[in-house]
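Worksheet: one structure, shown below.
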Amino acid sequence: MNLSRWRDTGLRFDFSGHSIFYRYGGRDVSDETVRANSSEPALLLIHGFPTSSWDWAPIWPELCTRFDHVLAPDLLGFGYSAKPLRHRYSLLQQTDLCEALLARYGLDRVHVLAHDYGVSIAQELLARHRERGGRGLQLQSVTLLNGGLFPETHRQTMGQRFLRSPLFGRLAVALMNERRFGRALGRVFGEHSRPSTIEMHDLWTVASSDRGMQAMRGLIRYISERRQQRARWVGALQQTPVPLRLINGPADPVSGAHMADRYRELVPNPDVVSLDGIGHYPQLEAPDRTLRAFLEFQRRLSQRPD
């Protein structure tokens, strides 16, 4: 599927007065406007910064043959969703958005596959799951790709440092163009798995659409929010009864092998799959290997006794 079709066949819903783009597919989707049958768990895909749901396109078709309901939103401020420039973006509100999307279809049992910025939303979902004592959204499993699960292991890129700077943030946005974006993003990929020129152009097209670069200065506050929520979110990983798997690209300079090592130190009975040679975007760099690791986890869960 090309990017134009991804956009044109997407859907929208209103969240707190903002138009949110999302993709909806799966085995049981005959009419996307009809409230879904919630008898089987859904799959929620949560993308990272600074990209969008388009990151899931390489594995989307296969996931839609395996799950009855698959949902992938562009979070507020990203992709084809609304980008209010003076909004105070929050990972807590982004979690509310994900819950609202699931509630729209009456889906209260869900598997989560999350990347980068999205892993913090997954951690917040885990924290809420525990705090609600079994009420509300029922998490069936959480699979985490590369992301800042632990603030102490998150190594910011130079671009992120500039965006966060009161002095240089506006200049970084003003000077950003497709070439600089591609050069900066390319540094977090594995040496032999960087996107082609066409693939990088698509990533830029989505990220920069409708004032996308201007929204980045507000969105980058998530790094501080992770630090503020560190005890609660790391505690959620350590104390949750929800099955977890980490699929890690160890060549990632931001959250690669060093983050996976920290995960093994802090999370009880860690289930970690390392994809040799792969960087920050496993689902783009090695979609087949990422999909295989995710589906093997799902098969194992399906064979567990109740």
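The values are calculated or read from the model by the stated rules, or taken from the named source; none is laboratory data. Just so it is clear, the model here is predicted, and its values are computed rather than measured. Reconstructed Cβ throughout: ideal geometry from the backbone, glycine too, with neighbour counts over all protein chains shown. Side chains are part of the model used for accessible areas, which takes the heavy atoms of the whole protein and leaves out ligands, DNA and RNA. Shrake-Rupley method; radii C 1.70, N 1.55, O 1.52, S 1.80 Å.
Could you list all residues from region 258-306 that are among the β-branched types (Val, Ile, Thr) and under 16 Å from residue 142 (Cα atoms)?
267, 272, 273, 290
Is at least one residue of region 173-186 closer than 20 Å to residue 115 by Cα, of a type in the set (Lys, Arg) and out of contact with any Lys or Arg (no Cβ under 8 Å at 6 or more places or on another chain)?
no
Just for region 234-250: of the residues that are outside any loop (DSSP other than H, G, I, E, B) and touching a Lys or Arg at 6+ places or on another chain (Cβ under 7 Å), which one is most open to solvent (accessible area, probe 1.4 Å)?
So, considering only residues that are outside any loop (DSSP other than H, G, I, E, B) and touching a Lys or Arg at 6+ places or on another chain (Cβ under 7 Å), the one most open to solvent (accessible area, probe 1.4 Å) is 239.
What tally of residues in region 81-104 results from selecting those that are open to solvent by 10 Å² or more (accessible area, probe 1.4 Å) and not polar (S, T, N, Q)?
13
Considering only region 165-193, state which residues are open to solvent by 80 Å² or more (accessible area, probe 1.4 Å) and closer than 22 Å to residue 228 by Cβ.
Of everything in region 165-193, just one residue is open to solvent by 80 Å² or more (accessible area, probe 1.4 Å) and closer than 22 Å to residue 228 by Cβ, namely 166.
Can residue 253 be described as touching a residue at least 12 places away in the same chain (Cβ under 8 Å) and open to solvent by 40 Å² or more (accessible area, probe 1.4 Å)?
Yes: the conditions hold for residue 253.
Go through region 12-60 and give me each residue that's among the basic types (Lys, Arg) and at pLDDT below 95.
27, 35
Go through region 194-232 and count every residue that is assigned to a loop (DSSP other than H, G, I, E, B) and open to solvent by 20 Å² or more (accessible area, probe 1.4 Å).
8
Looking at this structure, is residue 114 at pLDDT 95 or above, among the hydrophobic types (A, V, I, L, M, F, W, C) and open to solvent by 10 Å² or more (accessible area, probe 1.4 Å)?
no
Across region 272-306, which residue is modelled with the lowest pLDDT among those that are outside any helix (DSSP H, G or I) and over 23 Å from residue 189 (Cα atoms)?
Once the filter is applied, the top-ranked residue is 306.
Given the structure, is residue 104 touching a Pro at 6+ places or on another chain (Cβ under 9 Å), basic (Lys, Arg) and under 26 Å from residue 22 (Cβ atoms)?
Judged against the criteria, residue 104 is not a match.
Given the residues 118, 159, which is the only one that is at negative phi, in contact with a strand residue (DSSP E or B) (Cβ under 8 Å, 6 or more places away or on another chain) and of a type in the set (Gly, Ala, Ser)?
From the options 118, 159, the qualifying one is 118.
How many residues does region 133-164 contain that are in contact (Cβ under 8 Å) with a residue 40 or more places away in the chain, over 22 Å from residue 122 (Cβ atoms) and surrounded by fewer than 20 Cβ atoms within 10 Å (Cβ to Cβ)?
Residues that pass the stated criteria total 1.
Name the residues in region 256-271 that are assigned to a helix (DSSP H, G or I) and open to solvent by 60 Å² or more (accessible area, probe 1.4 Å), would you?
Scanning region 256-271 gives 261, 262, 264, 265.
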